[in-house]
Amino acid sequence: MAVLKRVFSLALHYPGRAATSLVMAVICTVLVLVLPTVTQVLVDEVMDKGRRELLFQTASLGIGAILLRQTLFMLRTYGNNALEQRLIHDLRKKLYDKLQRLPIKWFDTNSSGEIMSRVASDVPSTDRVIVETIDQAIPAVLQFLIMAGWMFYNSWELALVTLAPLPIIGLITTIYSKRAEPRWRESSEASAALNALLHDNLAGIRQIKAYTVEPEALDRFDAASRHVGEKHMRVMKGQALVWPGVSLLAESGIILMLACGAWWVLEGKMEKGTPMAFLVAWGFLFDPISRINNLTQLYVSGKVAAKRVFDILDLPDETNLTEGERPAEFKGKVVFENAGFSYDPDSPAVQGVSLIAEPGMTVALVGPTGAGKSTVLNLLTRFYETDQGRILLDDHPIETLSKEWLRDHTGYVTQESFLFNTTLRENLRLAKPDATDDEIWAALDNANAAPFVRDLPEKLDTVAGERGVRFSGGEKQRLSIARALLKNPPLLLLDEATSALDNETERLVQQALENLRADRTSFVIAHRLSTVRKADLICVLQDGKLVECGKHEDLLARGGLYSRLCEASIRE
Ligand SMILES: Nc1ncnc2c1ncn2[C@@H]1O[C@H](COP(=O)(O)OP(=O)(O)OP(=O)(O)O)[C@@H](O)[C@H]1O
């Protein structure tokens with residue numbers, strides 16, 4: 001119930017629209033009373049008693065009521081759709097805003113496909129609950145009460161007979177809803193898992209083709225898709241049993257009502273028009289009951305979807321995203337004091353790291369794979385927070401700074417140079433939203449990217465394609481270097497790409513990187529000997545620990561891990 005209450009509170013943002021829609025629904029519902037009354041008057045007064053003068057006005061009243069009802073219905077349909085779209089937009093935006101404020105750690109354990117399914121299908125299912133309650137459920141309950149009241153007013157005996165199947169119908173639907181909820185949950189979890197698999201396979205389509213594992217990928221998809229079908233069928237099996245049962249009971253009520261009505265007419269206890277009007281009224285009375293099927297399904301699935309959406313909305317935000325210190329100036333001094341961090345409590349990814357980088361220094365991080373180099377950069381961006389020791393930026397403990405401020409003063413060039421599927425101009429403006437074309441060209445020039453961008457027919461308006469597929473690895477690297485140059489941050493974090501580039505491209509990228517590193521503190525995960533050799537400080541990591549730190553020549557002379565890594569890289 002708490003979940004549904006929270007769903008309905010979303011409608012409070014549009015009280016006017018929701019109330020107008022509800023009032024129209026109520027008027028439509030009240031208008032149904034006209035038709036059985038018109039029938040009763042036509043049979044008893046016009047046909048039986050020959051009161052011709054009532055014929056025209058009664059028929060006109062009936063047609064007028066139908067016309068008004070259908071006009072309101074049209075307005076309601078439009079209004080409800082507009083309300084639904086606004087509600088969906090609001091919740092979708094709120095959910096997306098929340099996703100952007102969640103810590104990176106959360107994304108490590110939640111797949112993109114699953115998250116997309118929450119935004120794309122759970123949000124509309126949640127909002128449908130509100131719209132259908134206003135448009136269907138409340139009018140249905142009202143219509144039922146009005147018709148039942150009308151029946152009791154006209155003949156309480158016949159009303160009791162007509163309503164006799166109701167308690168059993170109520171019992172069946174209550175039991176069904178309770179049982180259906182876990183089945184709906186399983187069904188939507190299976191759909192989300194299918195989405196996750198699809199998303200993963202599409203992102204990895206090159207690997208699937210390159211390793212010719214299309215049949216295996218198809219098998220996995222086939223199994224996941226079947227699983228969705230099976231789970232959905234479990235939901236539908238319950239429905240297939242319940243709803244014909246409900247209709248059977250409801251429809252038997254008509255025969256019972258007509259038979260009793262006929263008996264009482266023969267006994268002279270009732271006029272013929274009463275059972276006839278009850279027959280018309282029966283249609284309106286059981287119309288809401290026939291809608292129980294769709295409504296129960298909607299509530300149960302909506303509740304499951306809403307829970308999945310609220311589960312995300314209730315997660316705590318990344319801490320200190322906007323709050324925290326915002327020093328007026330950042331010179332670029334970085335100090336690690338015994339810093340450590342574990343992704344998983346049992347095995348620290350980095351531990352006891354201590355180093356000092358003075359402003360403008362280039363610090364090269366080297367070490368075998370899995371040694372903890374990327375983790376050091378992750379701690380500097382505060383994608384993850386140290387759980388041991390501390391990091392100081394210009395003597396400010398990093399955790400006291402606003403993350404927004406920190407990230408505004410940091411340039412992060414990742415190994416995979418990610419470009420968004422939009423124009424180059426927009427991709428570069430990520431770094432500086434108000435950058436002019438001249439500034440963008442200057443950054444491209446500095447990154448050795450201007451010549452190939454100038455050769456493109458659409459230049460800065462060229463769309464990069466998904467993940468920047470339109471560009472080669474070397475081009476993408478230079479574009480992301482241009483992006484970092486445009487930002488001009490005092491602290492640069494650089495994960496040098498390991499992908500092999502031809503000599504000329506390598507030279508262009510190296511030169512661009514040198515331009516980028518100039519005059520700022522840089523932490524570089526260095527894979528190239530040229531970068532390492534020129535670094536002011538080389539930090540060698542192994543199993544998460546800083547085992548050596550110094551200048552190239554000193555470390556070589558020491559003959560430790562660094563010299564062995566150098567020898568290995570020269571042999572390659
Ligand atoms: N998101 C994560 N969740 C759990 N463990 C992680 C995560 N990222 C890295 N690790 C683990 O932390 C350790 C350090 O990883 P890290 O990526 O920092 O190493 P690296 O030196 O950058 O490696 P490489 O040179 O291969 O990129 C590894 O054991 C790795 O498996």
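The values are calculated or read from the model by the stated rules, or taken from the named source; none is laboratory data. Bear in mind the structure is a predicted one, so any value in this text is a computation, not a measurement. Please note: Cβ atoms are built from the backbone with ideal geometry, for glycine as well, and neighbour counts cover all protein chains shown.
Here are some notes:
- Verdict on A193 being under 30 Å from L218 (Cα atoms), aliphatic (A, V, I, L, M), surrounded by 15 or more Cβ atoms within 10 Å (Cβ to Cβ) and touching a helix residue (DSSP H, G or I) at 6+ places or on another chain (Cβ under 7 Å): yes
- Answer residue from the range 364-409, given it is touching a strand residue (DSSP E or B) at 6+ places or on another chain (Cβ under 9 Å) and of a type in the set (K, R) and is nearest to the ligand (Cβ to nearest atom) among those: K373
- Residues that are within 20 Å of L379 (Cβ to Cβ) and either surrounded by 14 or more Cβ atoms within 10 Å (Cβ to Cβ) or aromatic (F, W, Y) (or both) within the range 297-324 comprise E318, N320, L321, G324, listed in sequence order.
- Subset of the range 343-387 [surrounded by 15 or more Cβ atoms within 10 Å (Cβ to Cβ) and out of contact with any Leu (no Cβ under 8 Å at 6 or more places or on another chain)]: P348, A349, Q351, P359, G360, S374, T375, N378, L379, F383, Y384
- Those residues of the range 85-131 which are out of contact with any Ser or Thr (no Cβ under 8 Å at 6 or more places or on another chain) and acidic (D, E), in sequence order: D90, D97, D108, E114, D127
- Residue list for the range 327-338, filter: over 26 Å from R528 (Cβ atoms), at pLDDT 90 or above and either surrounded by fewer than 17 Cβ atoms within 10 Å (Cβ to Cβ) or within 16 Å of the ligand (Cβ to nearest atom) (or both): E337, N338
- Each residue in the range 252-273 was checked for being in contact with a helix residue (DSSP H, G or I) (Cβ under 8 Å, 6 or more places away or on another chain) and touching a residue at least 12 places away in the same chain (Cβ under 8 Å), and 13 pass.
- Of the criteria (1) part of a loop (DSSP other than H, G, I, E, B); (2) among the hydrophobic types (A, V, I, L, M, F, W, C); (3) within 20 Å of Q542 (Cα to Cα); (4) touching a helix residue (DSSP H, G or I) at 6+ places or on another chain (Cβ under 7 Å), which one I391 fails: (1)
- Subset tally (residues that are of a type outside the set (A, V, I, L, M, F, W, C) and under 24 Å from S301 (Cβ atoms)) for the range 197-255: 15
- Scope the range 1-20; condition free of Cβ contacts under 8 Å to residues at least 12 places away in the same chain and farther than 23 Å from L75 by Cβ; matching residues: M1, A2, K5, S9
- Comparison of V41, V26, V30 shows that the only residue that is surrounded by 12 or more Cβ atoms within 10 Å (Cβ to Cβ), farther than 30 Å from A306 by Cβ and modelled with pLDDT under 85 is V30.
- Residue list for the range 459-469, restricted to those being in contact (Cβ under 8 Å) with a residue 24 or more places away in the chain and either farther than 30 Å from R382 by Cα or surrounded by fewer than 19 Cβ atoms within 10 Å (Cβ to Cβ) (or both): K459, L460, D461, T462, V463, G465, E466, R467
- Candidate set: the range 92-132, residues that are in contact (Cβ under 8 Å) with a residue 24 or more places away in the chain and within 16 Å of the ligand (Cβ to nearest atom); chosen: the one nearest to the chain's Cα centre (by Cα): S112
- Per-region count, the range 350-363, residues more than 16 Å from the ligand (Cβ to nearest atom), in contact (Cβ under 8 Å) with a residue 40 or more places away in the chain and assigned to a strand (DSSP E or B): 3
- Per-region count, the range 339-349, residues at pLDDT 85 or above and assigned to a loop (DSSP other than H, G, I, E, B): 4
- Extreme residue, farthest from the ligand (Cβ to nearest atom), among residues of the range 527-560 that are in contact with an Asp or Glu (Cβ under 6 Å, 6 or more places away or on another chain) and among the hydrophobic types (A, V, I, L, M, F, W, C): L555
- Taken over the range 50-62, residues that are surrounded by 12 or more Cβ atoms within 10 Å (Cβ to Cβ) and in a helix (DSSP H, G or I) amount to 6.
- Meets criteria (more than 16 Å from the ligand (Cβ to nearest atom), surrounded by 18 or more Cβ atoms within 10 Å (Cβ to Cβ) and either of a type in the set (A, V, I, L, M, F, W, C) or free of Cβ contacts under 8 Å to residues at least 40 places away in the same chain (or both)) for M147: yes
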